[in-house]
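Note sheet for the following structure.
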């Protein structure tokens, strides 16, 4: 499997900067490998009502094990989100560029 591209790497850094801690106070780690763009028909057919990508944040315990704490998604493409400096996440887990 190939390594994540620059867009996923930049989005992971942006998510890390914007959401370093969960609402429960757990430290979150956003990894580019945990950001998954839509593929196939979900990516190319505008009539499909599907998120453009989804991602998962992990919390690493002191012993090196982890669990998935938060999952997010967005109808906004990754390439558009990385143009924003600030992101917000809704109660349902949808990521948006922050309002200016």
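Some values worked out for this structure:
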| item | result |
| --- | --- |
| From the options 27, 38, residue that is touching a strand residue (DSSP E or B) at 6+ places or on another chain (Cβ under 9 Å) and surrounded by 13 or more Cβ atoms within 10 Å (Cβ to Cβ) | 38 |
| Leading residue by the ranking (surrounded by the most Cβ atoms within 10 Å (Cβ to Cβ)) among those in region 86-100 that are in contact (Cβ under 8 Å) with a residue 12 or more places away in the chain and either in a loop (DSSP other than H, G, I, E, B) or in contact with a helix residue (DSSP H, G or I) (Cβ under 7 Å, 6 or more places away or on another chain) (or both) | 95 |
| Residue 70 more than 20 Å from residue 99 (Cα to Cα), touching a residue at least 24 places away in the same chain (Cβ under 8 Å) and not in a loop (DSSP other than H, G, I, E, B) | yes |
| Residue within region 11-22 that is in a loop (DSSP other than H, G, I, E, B) and either in contact (Cβ under 8 Å) with a residue 60 or more places away in the chain or surrounded by 17 or more Cβ atoms within 10 Å (Cβ to Cβ) (or both) present | yes |
| Unmet requirement for residue 83, which otherwise passes all of (1) closer than 14 Å to residue 10 by Cβ; (2) in contact with a helix residue (DSSP H, G or I) (Cβ under 6 Å, 6 or more places away or on another chain); (3) surrounded by fewer than 17 Cβ atoms within 10 Å (Cβ to Cβ) | (2) |
| Filter result (out of contact with any strand residue (DSSP E or B) (no Cβ under 7 Å at 6 or more places or on another chain) and loosely packed, with under 11 Cβ neighbours inside 10 Å) within region 46-80 | 46, 47, 49, 61, 62, 63, 64, 65 |
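Each reported figure results from applying straightforward, stated rules to the coordinates on display, with no laboratory input. In this text, all values refer to a predicted model and were calculated from it rather than measured experimentally. A quick note on method: Cβ atoms are made from the backbone with ideal geometry, for glycine too, and the neighbour counts reach across all protein chains shown.
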